[in-house]
Number of protein chains: 2
Amino acid sequence: MPRPHSSSPVPRSAPPVSGLSIGQYLIQRLQDHGLRDIFGIPGDYVLNFYGMLEKSPINVVGCTREDCAGFAADAYARINGLGAVCVTYCVGGLSVCNSIAGAYAEKSAVVVISGAPGLGERVNDPLLHHKVRDFRTQYDVFDKLCAAVTELIDPMTAFREIDRVLETAVRRKRPVYIEIPRDMVSVTPYISHTWSPPEVASDPQALKEAVDEAVKWLAKAERPVILADVEIHRFGLEDAVLKLAESAKIPIASTLLGKSVINETHPLYVGIYEGAMGREEVTKFVEESDCVLLLGAFMTDINLGIFTANLDVNRCIYVTSEQLRLRQHHYHGVVLGDFIRALADRKPKTRSRKIPAGVRVPKKKFVLDAPKPITIMRMIARLNEQIDEDTIVIADIGDSLFGASDLTIRGQTEFLSPAYYTSMGFSVPAALGANVARPDSRVVVVCGDGAFQMTGMELSTIVRRKYNPIIIILDNKGYGTERFLHPGEWEYNNIHPWRYSRLPEVLGGGRGYEVRTEGEFDAALSEAWNDSSQMSLVQVHIGKDDSSQALRRLAERLGKKI
Amino acid sequence: MPRPHSSSPVPRSAPPVSGLSIGQYLIQRLQDHGLRDIFGIPGDYVLNFYGMLEKSPINVVGCTREDCAGFAADAYARINGLGAVCVTYCVGGLSVCNSIAGAYAEKSAVVVISGAPGLGERVNDPLLHHKVRDFRTQYDVFDKLCAAVTELIDPMTAFREIDRVLETAVRRKRPVYIEIPRDMVSVTPYISHTWSPPEVASDPQALKEAVDEAVKWLAKAERPVILADVEIHRFGLEDAVLKLAESAKIPIASTLLGKSVINETHPLYVGIYEGAMGREEVTKFVEESDCVLLLGAFMTDINLGIFTANLDVNRCIYVTSEQLRLRQHHYHGVVLGDFIRALADRKPKTRSRKIPAGVRVPKKKFVLDAPKPITIMRMIARLNEQIDEDTIVIADIGDSLFGASDLTIRGQTEFLSPAYYTSMGFSVPAALGANVARPDSRVVVVCGDGAFQMTGMELSTIVRRKYNPIIIILDNKGYGTERFLHPGEWEYNNIHPWRYSRLPEVLGGGRGYEVRTEGEFDAALSEAWNDSSQMSLVQVHIGKDDSSQALRRLAERLGKKI
């Protein structure tokens, strides 16, 4: 599926700006960077900008709560290359802190646009509603959570500031923050301003030497492997990585966070590498390599099996948007995409490494045992039969993630999960974001009951906009991961049981299913899959002690620190 | 009703501490400050402290989401004098930013306790899950939103730090932040530590001169009035103010934020003062005064009628926890409570001022017009017949607040609302907090549909704990206030309609009502009132153009700034 990444549609030059107000200029530049939709909730300090947005070509998606809008914008950004959320001052902005922190941690380019009291209202520092400590409080908070922040308080610099901050979002794939006092929205600066789309170029000599060295190394390597991670998604480099792998016939492993970087039925695909937490055969295959091409990798705890990954730096080419390291030495000024593309263009020779039998997850036919109580792993196995190349799978954290990591994803960037920041409640609002970004895809959410109780009511917007995701709720009446992390009968791990499958009655749309056995799940999933007219919500009752093997292994490691 | 304010139960001396771990010491001091309950959600970085809490005498109230836990703790603090929320690192902590900002803005003493990665895990700055930018990010954010913050990273100073931060919360009635790395929770410091409960004393000479001056002024005043505001609630000074008013027979007005500072059937009660936004008779009565005792007042925009209040400084005695000002001069070092009590003790003489007919809201019998479509103001009028001295009314923002401000509150601090910070969605979680703080009270919530969609599912915890509040949802299918602020057909002001009255089926508890006419509302309210066994949820359909007079006046003023 073609990916409308923000880097592509940007024109290479633009006419000088004239006659645009600050608000109009911001809307124009957002579109130039490929934004077609925005999420948020209005409020009085941002109403005039909301009015401008509603009249613009940008589609405004109202959500039930700001943090959900933040998650939706994050998921949208992961698919589209750039996302945005528009909120009012403090009561709105301070409600997206957690979503934006997650976007920062996992490198997702979300633009936070917040209204603010007009400059003219601030004389003598009055106690205007929504103010916390002073008029800078919200700005100061986002300065801690974003890669760039600005207040548009001066017409002379406002356009340049918008350019700078949006370019940071696109270049660094991190959230940024733009605050507009409401009396600045319609101000038209008397300046001549020309926008030049951002260009990031590598140092050509450093690039050449680095690629030369990598080519030489690969030529000698006996057991090369690519480990492709999340930045490949963020920078839209899936095709470049695939070209490199195919040209040199190098097998590709992924990570939890990077899952779906390649069509997982591809013959070069090895599986998910998670150090000692993952499948032993994959771990061995990767760790035996004498040349690991670590592409766009995040060295995080859960992603790398709670630091059980055993990757010798002396056998790694480690390249990300921030650094390029071969063994013990570093090259500066080399852009991630440039390196991958240049290396692929050289069609490096290397030993064609066979993937031994047993490394790839064996394709097993799912045989239904209809009356049997359903388990997480059996549910995933059944789901795996159903999904196809147009499916986007979104996993919440805990066993939703570990279970779903066994799914075979057929497309690219069709698996979304907060696998590093691990914020519960990401998945349902993310489904909204994914649906808005790719209305023609079928979205499947796997979500625990605890996570659903946090943000699941964002289904309201999904029903309102007539999307048709399938939401699978793993209902074990509590915080399942914590039960394994901190064994014992702790009351705080239990939550109030909801009759989730009755929610469509409250929301006036969608259809609910409640299942306990394999047969019931099979029937519900088939029916939901064939019903593309509405949202489906499948409440799956599972045992309190049911879990994936991965969760048990993780809990054993993590539990030691508690 | 007696108010278990945190200042009272504190012992005047305490034995030296020995053998307590840092976690145990924190739990001990929270109790010494009057805390009996704590709200929150567990997570792995705080699980061991959660275990300690669950074994302690403190009641742990698990919520569906952290921001709801924050609102619940805020409401609890408004009633109890101190509240607390316990969350995990970043995904938990950064989800309470908005609730805590509201507590800061409106002076509510909420302690935020957050787990964090152990110090031993931080070597070489690894990418541990939940980390945003660095290990200080969350601390830095709360430094912007709290009156005091600390990380308990050193056993030698941990107890002193806990003392300092909790005392700031109690003295300043602002939120504070305590971060505990998980490997510090069970550390027992080898120190001898004695806790002395905080004592805040006034400068006796400044106090005496200020009271002398006030007594003299009152003796000459012709038209004195007290304007009592929110700090009177926060510092538990309702009885002191009443004593002052009664001893000198001075009429008392309140503000929106300070509403219920006095039993509103008291003969000295005038009504709510809101400048040009409020009832003309009350405005005139207050502004004609030649000696306004402004006690514990917040000079905020909505509270003071979007700055239409016309209070001449030269006729004001303005005293808060932060300043004491008579006309143009200031006294330093005088404690709010000391001033009010000392002034009352002097039994100041002043002109006994009659409250003219028409100033107080006339007591009108509500005559039901059963088939008539219900309006906000008629709904409030009917509710006013029902509430009694054991009712706590919680109003969300917008017309829930403006409408409910007409209710006659019989008790003290029995009206809660975020009338300054005006964060939508405060009310339902606040009902949980109020129920936990005062299980014997009957809680009534008035809430708009937009606000309910943000946090209303916290009813889950209310059902789970078998509380019996009555939740009235004003359902006008959108953001009603904004419709008046920004006239025109804006799509962003419409929200998806829910069948709120069906939620009890999802939650497995409570009873739902759906009403359209006065007769239906009357019947539902009577039935709900008499059914004290469960939560009641009354969905009230109102017209899109229905509003209180107050909202229309407000919208006219606020709308000019948009």
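Just so you know, all these numbers are worked out from the coordinates, no wet-lab data involved. No experiment lies behind these values; they were computed from the predicted model shown. Every residue, glycine among them, receives a Cβ derived from its backbone with ideal geometry; neighbour counts consider all protein chains shown.
Key figures
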{"item": "Other protein chain Cβ atoms within 10 Å, averaged over every residue that makes up A:110-122", "result": "1"}
{"item": "Lys, Arg +1 and Asp, Glu -1 on Cβ, resulting dipole of chain A about Cα centre, debye, nearest 20", "result": "1220"}
{"item": "Sites matching trypsin sites (Lys or Arg not before Pro) across the stretch B:512-554 that sit in DSSP coil, with at most 16 neighbouring C-beta atoms within 10 Å", "result": "B:Arg516, B:Lys544"}
{"item": "Structure-based [θ]222 nm, chain B - -39500 (n - 2.57) summed over DSSP H runs of at least 4, per residue, nearest 500", "result": "-10500 deg cm²/dmol"}
{"item": "Rg and Dmax of the stretch B:233-355, Cα atoms only, in Å", "result": "13.6, 37"}
{"item": "For the stretch B:413-562, diffusion coefficient by Stokes-Einstein and Kirkwood Rh (Cα), 10 °C, 1.306 mPa s, µm²/s", "result": "98"}
{"item": "Per principal axis, descending, Cα span of the stretch B:8-154 in whole Å", "result": "46, 37, 26"}
{"item": "Selection from A:Leu244, A:Thr157, A:Pro181, by position along the positive dipole direction of the stretch A:129-277 (Cβ)", "result": "A:Leu244"}
{"item": "Under the Karplus curve 6.51 cos²θ - 1.76 cosθ + 1.60, θ = phi - 60°, whole-Hz ³J(HN,Hα) for the stretch A:528-539, x wherever Gly or Pro sits", "result": "4, 4, 7, 9, 8, 8, 7, 5, 10, 10, 10, 8"}
{"item": "Average beta-carbon neighbours from other chains, 10 Å sphere, peptide A:45-53", "result": "3"}
{"item": "Coarse-grained scattering of the stretch A:421-463 at q = 0.13, 0.21, 0.26 Å⁻¹, given as base-10 log I(q)/I(0) from a Debye sum over alpha-carbon atoms", "result": "-0.25, -0.64, -0.91"}
{"item": "Relative contact order (percent, whole number), chain A, Cα cutoff 8 Å, 6+ residue spacing", "result": "13"}
{"item": "Average projected area [Cα convex hull, chain B], square nanometres", "result": "26.4"}
{"item": "Point-charge dipole on Cβ atoms (K/R +1, D/E -1) for the stretch A:423-480, about Cα centre, debye to 20", "result": "220"}
{"item": "Cβ-based exposure ranking for A:Ser56, B:Ser18, B:Ser405, A:Ser423, in which fewest neighbours within 10 Å come first", "result": "B:Ser18, A:Ser56, B:Ser405, A:Ser423"}
{"item": "Pseudo-label separations to other copies for A:Tyr190 - Cα-to-Cβ vector, 7 Å, nm", "result": "7.4"}
{"item": "Relative contact order for the stretch B:307-363, counting Cα pairs under 8 Å that sit 6 or more residues apart, in percent", "result": "18"}
{"item": "Nonlocal amide H pairs with B:Val393, under 5 Å, H built at 1.01 Å", "result": "B:Phe415, B:Leu416, B:Val444"}
{"item": "Ellipsoid semi-axes in whole angstrom, largest first, where each is sqrt(5λ) of the Cα gyration tensor of the stretch B:449-510", "result": "28, 11, 8"}
{"item": "7 Å along Cα→Cβ, label-point gaps from B:Leu127 to other copies, nm, shortest first", "result": "4.5"}
{"item": "Net dipole in debye of the stretch A:384-476 [+1 Lys, Arg Cβ; -1 Asp, Glu Cβ; about Cα centre; nearest 20]", "result": "440"}
{"item": "Calculated diffusion of the stretch B:285-367, Stokes-Einstein form, Kirkwood radius summed over Cα pairs, 37 °C and 0.692 mPa s, µm²/s", "result": "218"}
{"item": "Counting all C-alpha pairs of the stretch B:250-301, share separated by more than 19 Å (%)", "result": "19"}
{"item": "Value of relative contact order over the stretch A:12-90, rounded to a whole percent, pairs C-alpha under 8 Å and six or more apart", "result": "37"}
{"item": "Residue-averaged beta-carbon neighbours from other chains (10 angstrom radius) around A:483-489", "result": "2"}
{"item": "Debye intensity ratio I(q)/I(0), log10, the stretch A:116-266, q values 0.09, 0.15, 0.19, 0.21 Å⁻¹ (C-alpha model)", "result": "-0.53, -0.93, -1.20, -1.34"}
{"item": "Cα lying deepest toward the dipole's positive end in chain B, options B:Trp498, B:Phe285, B:Asn48, charges on Cβ", "result": "B:Phe285"}
{"item": "Inter-centroid distance (Cα atoms) of the stretch B:132-174 relative to the stretch B:440-515, Å", "result": "35"}
{"item": "Per-selection Rg to Rh, the stretch B:404-482 - Cα, Kirkwood hydrodynamic radius", "result": "0.95"}
{"item": "Cut-off under 5 Å, modelled amide H: who pairs with A:Asn59 long-range", "result": "A:Asp37, A:Ile38"}
{"item": "Proxy reagent accessibility, fewest Cβ within 10 Å first, across A:Phe521, B:Phe71", "result": "A:Phe521, B:Phe71"}
{"item": "Scaled radius of gyration (Cα, divided by 2.2 N^0.38 Å) that the protein assembly as shown gives", "result": "0.96"}
{"item": "Anisotropy class of the stretch B:195-282 from Cα gyration tensor, a/c 1.5 cut", "result": "oblate"}
{"item": "Dimensionless Rg/Rh of the stretch B:78-133 - Kirkwood Rh, Rg from C-alpha atoms", "result": "1.10"}
{"item": "Exposed-loop-free span, longest in chain A, where GluC sites (Glu not before Pro) count as exposed if DSSP calls them loop and at most 16 other C-beta atoms lie within 10 Å", "result": "A:1-198"}
{"item": "Karplus (6.51, -1.76, 1.60) ³J(HN,Hα), θ = phi - 60°, over the stretch B:173-186, in Hz, Gly and Pro reported as x", "result": "6, 9, x, 9, 10, 10, 10, 10, x, 5, 8, 9, 4, 9"}
{"item": "³J(HN,Hα) computed for each position of the stretch B:467-476 - Karplus, 6.51 cos²θ - 1.76 cosθ + 1.60, integer Hz, glycine/proline x", "result": "7, 10, x, 10, 9, 9, 9, 7, 9, 10"}
{"item": "Value of Rg/Rh across the stretch A:44-101 [Cα atoms, Kirkwood radius]", "result": "0.96"}
{"item": "Built amide H within the under 5 Å cut-off of B:Ile409, gap 5+", "result": "B:Glu264"}
{"item": "Label point 7 Å beyond Cα along the C-beta direction, distances from B:Gln549 to other copies (nm, shortest first)", "result": "7.4"}
{"item": "Rounded, prolate or oblate (a/c below 1.5 giving rounded, otherwise prolate when a/b exceeds b/c) for the stretch B:357-408 by Cα gyration tensor", "result": "rounded"}
